[in-house]
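Enquirer: My questions will all concern the structure given below.
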Amino acid sequence: MEEVPVDFDFEEILGQEQAKRALEIAASGGHNLFMMGPPGSGKTMLARALPGILPPLNEEESLEVTKIYSLTGNIPPGGSLIKVRPFRSAHHTTSRVGLIGGGSDPHPGEISLAHHGVLFLDELPEFPRSSLEALRQPMEDGTINISRSAGSSSFPAQFMLVAAANPCPCGYLGEPKRECKCSSRQVLRYQSRLSGPLMDRIDLHLNVPAVETEKLIRPSGNQTAGDSSKIIRERVLKARMIQNKRFAGLGIQVNAKMRNKEVKKFCPLSPPVQLILKQAINSFRLSARAYFRVIKVSRTIADLEDKKDIEPQHVAEALQYRAKVDE
């Protein structure tokens with residue numbers, strides 16, 4: 001198996017157990033994920049640990065990614081087939097063309113360079129609104145279509161979006177040890193930059209609370225922070241194998257890419273599960289899109305436990321990751 005160079009191993013990160021669990025679910029089912037928390041809480045560290053638990057590209061995926069990187073001149077000198085899933089980190093100053101693709105001679109953007117991999121957008125509300133709204137179509141379709149007077153171009157863009165944000169401009173809204181200096185109007189304006197339709201397309205939403213810096217990185221000694229990236233990756237691979245078998249011949253690799261008809265076929269719901277979902281629709285005011293995304297996440301959680309059917313506890317955990325934005 002191709003070894004993945006990573007900035008952080010999961011066992012180096014102390015605390016943030018829910019965030020690490022969410023990343024494992026996201027990696028297993030190809031789900032989009034959004035983290036909100038104050039500066040220094042470890043959001044970027046967690047995101048950069050993600051590549052270490054992702055499975056390698058299969059042959060078909062490797063050829064697709066290599067073709068995109070060859071087209072954009074991003075293959076290293078002497079390089080050959082790309083076998084490691086891309087991890088692209090775009091800064092909020094990146095232009096819309098740089099992020100989405102385009103130009104007078106249309107070329108792929110960051111979302112296509114993240115094809116079959118991860119696109120990490122830190123400080124999400126700082127991105128131009130037009131760039132964020134342009135993400136919606138490729139997040140649904142897995143491709144980006146660019147039209148120009150001379151013709152149109154289509155580039156693949158099946159990526160996992162991992163995004164992070166502060167709760168307010170200063171970053172300390174709701175923090176017990178730091179005073180937020182933002183006005184209510186500033187907070188509202190900042191948070192409203194993330195539209196409902198965009199956030200609705202993100203499966204997992206979680207708060208990443210502040211953790212003292214010295215506790216984030218394991219010091220020398222016997223202190224442990226839980227499973228290593230290698231162990232977590234093995235669980236992710238097993239869950240992906242279940243999905244590969246489930247979707248054989250359908251052109252789908254992961255649960256997150258199921259359409260509604262596949263959800264109905266592969267995610268039968270028992271009466272207790274239906275009851276929980278019915279209550280959640282009323283409590284969290286779930287949209288139809290969010291409803292199906294909760295089921296997809298529940299299916300991934302069940303796969304991680306090697307369970308044939310979705311059980312109430314799987315749905316209950318999946319709903320924990322919707323409460324933040326759907327309350």
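Every number in this text was worked out from the coordinates using simple rules, so none of it is lab data. Predicted model only: the values in this text are computed from it and were never measured. For neighbour counting, all protein chains shown are included, and Cβ atoms are generated from backbone atoms with ideal geometry for every residue, glycine included.
Enquirer: What is the sum of charges, Lys and Arg at +1 and Asp and Glu at -1, for the other residues whose Cβ falls under 10 Å from the Cβ of Ile252?
Expert: Spelling it out: positives minus negatives among the neighbours equals +2.
Enquirer: Still on this structure, I have one more. Over 23 Å between Cα atoms: which of Lys83/Lys230; Lys238/Lys308; Lys20/Lys278; Lys20/Lys307; Lys245/Lys307; Lys83/Lys245 fall into that group?
Expert: The pairs that break the limit, which is 23 Å between Cα atoms, are Lys20/Lys278.
Enquirer: Okay, next question. In the chain, with Lys and Arg counted as +1 and Asp and Glu as -1 at Cβ, which of these residues, Leu71, Val273, Pro56, has the Cα nearest the positive end of the dipole, that is, farthest along it?
Expert: Final value for the positive-end residue is Val273.
Enquirer: From the C-alpha coordinates alone, can you work out the Kirkwood hydrodynamic radius of the chain, in Å?
Expert: 20.6
Enquirer: Out of all DSSP beta bridges with both ends in the chain, state the antiparallel percent to the nearest 5.
Expert: Counting DSSP beta bridges with both partners in the chain, the antiparallel share is about 35 percent.
Enquirer: Quick one: work out Rg over Rh on the C-alpha atoms of the stretch 221-321, Rh as Kirkwood radius.
Expert: Ratio of gyration radius to Kirkwood radius for the stretch 221-321: 1.04.
Enquirer: A further question on this structure: Each label point is 7 Å from the Cα along the Cα-to-Cβ direction; what then is the distance between the points at Leu250 and Val84, in nm?
Expert: With each label placed 7 Å out from Cα toward Cβ, I get 3.2 nm.
Enquirer: So, one more: Tell me, what is the FRET efficiency for Glu305 and Val97 to the nearest 0.05, using R0 = 51 angstrom and their Cβ-Cβ distance as r?
Expert: On the way: r = 43 Å, r/R0 = 0.85.
Efficiency at R0 = 51 Å is approximately 0.75.
Enquirer: If you put +1 on each Lys and Arg Cβ and -1 on each Asp and Glu Cβ, how big is the dipole of the stretch 258-326 around its Cα centre, in Debye rounded to 20?
Expert: Dipole magnitude for the stretch 258-326 comes out near 440 debye.
Enquirer: Using the Cα centre of the stretch 1-64 as the reference point, and only Cβ charges (+1 on K/R, -1 on D/E), how large is the resulting charge dipole? Debye, rounded to the nearest 20.
Expert: With only Lys, Arg, Asp and Glu charged at Cβ, the dipole is about 540 debye.
Enquirer: Counting other Cβ atoms within 10 Å, which GluC sites (Glu not before Pro) in the stretch 1-63 have at most 16 and lie in a DSSP loop? It would help to have the intermediate numbers written out before the result.
Expert: Details: sites: Glu2, Glu3, Glu11, Glu12, Glu17, Glu24, Glu59, Glu60, Glu61; in loops: Glu2, Glu3.
Filter output for the stretch 1-63: Glu2, Glu3.
Enquirer: About the Cα centre of the chain, what is the dipole size in debye to 20, counting +1 per Lys and Arg Cβ and -1 per Asp and Glu Cβ, all else neutral?
Expert: Here the chain has a charge dipole of around 960 debye.
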